[in-house]
């Protein structure tokens, strides 16, 4: 979605147009849910509540959204964070989880600009034993990257079809996938490393 399209969509949300609100929710709910789900200890009921609270709060604050500063998904993740912390505070056993995710977020910001090789293990997005870690990683990528990776590596959509869907060229799709693979590799290393360290520390103190 272009910046102009984002501005048009947010204007419709400010007018509380029912169709715009429905499309907004359907376009982003799954990605926001995945982002929240792992941060609330994989509790589906709590995640659903947090997602609902996030969209309600975001709609109330829609005037604060600036498409020039990031995508709608990035903003919704930002709005969700306070709701995630509040939900975890109500369940003391997960209080330490916020610290792990805050470290992950900080490292993801610095890793986002790091160079990475144009390689991605051919089966990394399909290996069942790493499915949760892959989902965590995808949930923390820019939506255009996560969607491109899923389309190409999970759904096996050809480059030509991806280009046709997005109204771009095959070379543009290749460039997008290059950046998406780089972002995935960096985020995968950060998240897996921090979670391993966090769980090891938890076992030592338990």
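From the list 93, 119, 130, the one residue that fits, being at pLDDT below 70 and either in the same structural domain as residue 31 (by TED's automatic domain parsing) or under 15 Å from residue 39 (Cβ atoms) (or both), is 93.
The number of residues in segment 23-36 being over 11 Å from the mean Cα position of the chain (by Cα) and surrounded by 19 or more Cβ atoms within 10 Å (Cβ to Cβ) comes to 1.
The number of residues in segment 168-206 that are part of a helix (DSSP H, G or I) and modelled with pLDDT under 85 comes to 21. If the condition is being over 17 Å from the mean Cα position of the chain (by Cα), part of a loop (DSSP other than H, G, I, E, B) and within 26 Å of residue 29 (Cβ to Cβ), then segment 137-167 contributes 155, 156, 157, 167.
In segment 43-72, which residues are touching a residue at least 40 places away in the same chain (Cβ under 8 Å) and under 22 Å from residue 146 (Cα atoms)? Across segment 43-72, the qualifying residues are 65, 67, 68, 71, 72.
The values are calculated or read from the model by the stated rules, or taken from the named source; none is laboratory data. Treat the numbers as computed from the prediction; the structure is a model and nothing was measured. We place every Cβ from the backbone using ideal geometry, glycine too, and count neighbours over all the protein chains shown.
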